[in-house]
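A.B. asks: Sharing a structure with you now.
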Amino acid sequence: MSYPTRNNPYHFDEFLSWRENVDYYADDPFLQELVRYFTTEEWDQVDAEARAFSQKASFRWRELSEETARPEKRPFLIHYDGHHNRIDRIVRPKETEILGQEVFSEALFSDKTLPWVQRIKYFLISQNGEGCITCPISCTTGLIRLLEKYADSPETKRILQHCKEGINGEFGIGAQYVSEIQGGSDVPANVLEAVNEGGVWLLYGTKFFCSATHADYSVVTAKPTGSEEVALFVVPSWLPGNKEKEIRNGYTIDRIKWKLGTSELITGELTYTGAVAYPVGPLNKGVSNVVGLVLTYSRLDLVLGSAAFMTRAAREATKYAEFRKAFGMPVANFPLVAIELDRINHSAKQTTAGAFKLCRDFLELEMAEKKGQPKKESEEFRRKRFEVRELIMLLKITASLDCTNTIHEAMSIFGGHGVMEDFSSLPRLYRDSAINELWEGPRNVLLTQIHRDLQKAASWYKPADFVRNILKGLDHKMVAPLAAELTELVAHPDLFHPGAKTIEICRRLDAFASNFSHFYQDLALQDLSYGEEREERKLRDVAS
């Protein structure tokens with residue numbers, strides 16, 4: 001019974017105490033099992049480093065991330081100092097500066113850091129949202145991989161050293177500026193001009209979406225004078241000795257964009273007025289290098305980051321439903337809520353398992369390429385490389401959309417509190433996830449690219465074989481219709497010319513992408529369960 005009282009004793013202390021004391025890694029048996037299964041012989045080291053890192057990500061860095069997300073602490077721009085000198089100073093809250101310094105001091109990109117350690121650390125820090133951290137990490141990864149392959153001058157080698165291993169304990173941060181207002185994802189439409197003056201390359205023109213504008217270096221696409229080919233350059237934000245003087249390297253930051261999400265991350269519009277730039281790679285291979293070496297890593301991180309967002313959302317929604325009572329019992333006991341929670345938790349586990357499986361395949365491929373494949377690669381290796389490329393795009397569009405939907409549903413478990421920014425971090429993660437859907441290519445762009453890729457590869461890798469190989473292990477009755485469907489979709493000439501048939505193909509391709517990606521994720525969960533059974537058998541064998 002409930003009688004009137006002017007002193008309402010209700011409080012949220014039990015739930016808040018639990019939330020403030022959750023260790024993202026130590027308190028997540030499913031995540032630990034994923035790490036154990038996918039890292040195999042490196043598990044001991046990865047597990048130990050994950051536990052130590054999680055102590056920071058789950059507590060101090062979580063608190064810093066939440067503090068920097070306050071509306072009054074949004075970054076802003078000071079164009080001029082008191083003496084009318086153009087400085088374009090980006091002002092960020094102290095907490096953001098501290099967070100960036102501490103996370104990058106982990107030497108995530110060092111040769112001493114195992115690739116799997118870097119992956120799990122990225123997953124853990126992503127549970128705090130973007131926070132002006134995860135985008136710079138992804139961009140720096142792409143910059144490093146680009147320079148590992150092409151750094152051939154004292155300047156580019158020093159930049160690589162600064163970002164990868166640090167200089168005097170300080171680690172450089174990278175960014176990537178590709179989009180221009182007239183082209184967006186249409187990189188060949190770039191018109192930013194690169195001029196070679198006496199052996200020095202200078203950039204002129206504008207870039208429209210420049211995230212991580214606070215970075216030390218940026219990867220920039222531009223066209224050399226008189227050429228229609230896109231080249232790739234690395235541009236320091238300041239030339240040596242000028243950072244302290246606030247003299248930028250031949251460019252202005254025209255404004256900071258006001259975004260729906262990732263509000264802590266600075267995204268600006270830039271105008272280059274003769275920025276010194278260092279070419280990386282062949283001047284006619286800028287598009288292929290920015291896609292293959294830079295965007296690939298960002299898209300993979302978006303898959304892993306989406307899984308991390310969903311993991312936190314599922315965990316907090318589940319616990320709140322167990323805590324919150326209505327009509328005399330925890331709301332988790334209501335069948336409709338139980339169904340929602342089951343859907344939320346399954347989606348989070350499904351996405352996370354698929355992300356780890358994809359990371360494993362990617363890292364194995366990367367390791368093989370670093371060891372040096374024969375000039376004439378095997379058909380098997382060529383197919384594997386193609387599979388990973390397409391899976392990264394497929395899971396990027398699927399995981400990012402599922403993430404937004406899952407967080408939205410998790411927010412509903414909280415009722416009215418689900419949209420209160422000072423009650424929960426889920427609204428912030430929800431807004432960040434919406435940005436992730438668009439970052440590094442929205443769904444329609446990547447689906448178009450996937451369709452073109454599959455067409456080009458059809459002569460040596462049939463679409464049906466692509467489906468069967470990736471989904472090997474699933475029931476043939478589930479795989480066969482997908483194989484037949486993709487064969488028919490790829491047979492359609494292109495997705496550019498309007499018409500009823502093309503519209504139908506596009507609808508079916510959109511549905512195929514989601515179904516195929518979910519089957520891949522389910523297969524990862526299935527593999528994990530088989531792995532658990534294998535370990536149990538090993539233990540029984542040892543015991544006997």
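A.B. asks: With a Förster radius of 41 Å, plug the Cβ-Cβ distance of Lys112 and Ser227 into 1/(1 + (r/R0)^6) and report the FRET value to the nearest 0.05.
C.D. replies: 0.55
A.B. asks: Further question on the same structure: Place +1 on the Cβ of every Lys and Arg and -1 on the Cβ of every Asp and Glu in the chain, take the dipole about the Cα centre, and give the residue among Ile167, Leu471, Leu358 whose Cα lies farthest towards its positive end.
C.D. replies: My answer, from the dipole projection, is Leu471.
A.B. asks: Scanning the chain for chymotrypsin sites (Phe, Trp or Tyr not before Pro) in DSSP loops with at most 13 other Cβ atoms within 10 Å, what's the longest stretch left with none?
C.D. replies: Values: sites that count: Tyr10, Phe12, Trp258, Phe327, Trp460, Phe496.
With chymotrypsin sites (Phe, Trp or Tyr not before Pro) excluded where exposed in loops, the chain gives 13-257 as its longest stretch.
A.B. asks: Right, something else. Before anything else, pin down the relative contact order of the range 25-148: Cα pairs under 8 Å, at least 6 apart, normalised by residue count, whole percent.
C.D. replies: Result for the range 25-148 is 26 percent.
A.B. asks: Please state the charge dipole magnitude for the chain, taken about the Cα centre, from unit charges on C-beta atoms (+1 on K and R, -1 on D and E), reported in debye and rounded to the nearest 20. It would help to have the intermediate numbers written out before the result.
C.D. replies: Details: 67 positive and 77 negative charges, 115 e Å.
The calculation lands at about 560 debye.
A.B. asks: Can you pull the three principal axis extents for the Cα set of the range 1-84, in Å, largest first?
C.D. replies: Taking max minus min along each principal axis of the Cα atoms, the range 1-84 gives 70, 55, 16 Å.
A.B. asks: Between Asn333 and Arg86, what is the label-to-label distance in nm when each label sits 7 Å out along the Cα-to-Cβ direction?
C.D. replies: 6.8 nm
A.B. asks: Here is a further query. Counting pairs of Cα atoms in the range 305-442, how many percent are more than 24 Å apart?
C.D. replies: Tail of P(r) above 24 Å: 43 percent of Cα pairs.
A.B. asks: Another question, if that's okay. Under a point spin-label approximation (7 Å from Cα along Cα-to-Cβ), what is the Phe381-Met478 distance to one decimal in nm?
C.D. replies: In this crude spin-label approximation the distance works out to 3.2 nm.
A.B. asks: Taking +1 at the Cβ of each Lys and Arg and -1 at the Cβ of each Asp and Glu, which of Gln55, Thr140, Gln127 sits farthest along the dipole of the range 14-164 towards its positive end, judged by Cα position relative to the Cα centre?
C.D. replies: Thr140
A.B. asks: A further question follows. Could you bin all the Cα-Cα distances of the range 174-284 into 5 Å bins starting at 0 and give me the percent of pairs in each, rounded to whole numbers?
C.D. replies: 2, 13, 23, 26, 19, 10, 5, 1, 0
A.B. asks: Send over the per residue convex hull volume for the range 14-164, Cα only, as a whole number of Å³. Spell out each step's value before the answer.
C.D. replies: Numbers: hull volume 20.3 nm³, N = 151.
Expressed per residue, the convex hull around the Cα atoms of the range 14-164 is 134 Å³.
A.B. asks: Report the relative contact order of the range 329-439, percent, no decimals, based on alpha-carbon pairs under 8 angstrom and at least 6 residues apart.
C.D. replies: Values: 55 pairs, mean separation 27.9, N = 111.
With pairs under 8 Å counted, the relative contact order is 25 percent.
A.B. asks: Arrange the following residues from fewest to most other Cβ atoms within 10 Å of their Cβ: Ser179, Ser412.
C.D. replies: Placing the least packed residue first, the sequence is Ser412, Ser179.
A.B. asks: When the convex hull of the Cα atoms of the range 214-365 is projected onto a plane and the area is averaged over all directions, what value comes out in nm²?
C.D. replies: Its average projected convex-hull area is 14.3 nm².
A.B. asks: Give me the log10 of I(q) over I(0) for the chain at q = 0.06, 0.09, 0.11, 0.13 Å⁻¹, as the Debye formula computes it from C-alpha points; what are the numbers?
C.D. replies: Cα-only, vacuum Debye calculation for the chain: -0.31, -0.71, -1.05, -1.43.
A.B. asks: Which trypsin sites (Lys or Arg not before Pro) in the range 362-416 pass both tests, a DSSP loop state and at most 13 other beta-carbon atoms within 10 Å?
C.D. replies: Within the range 362-416, the qualifying trypsin sites (Lys or Arg not before Pro) (loop, at most 13 other Cβ atoms within 10 Å) are Lys375, Lys376.
Computed from the coordinates by the stated procedures, all read-outs in this text should not be read as laboratory data. For clarity, every value in this text was computed on a predicted model and none was experimentally measured. So basically every Cβ, Gly included, is an ideal-geometry build from the backbone, and we count neighbours across all protein chains shown.
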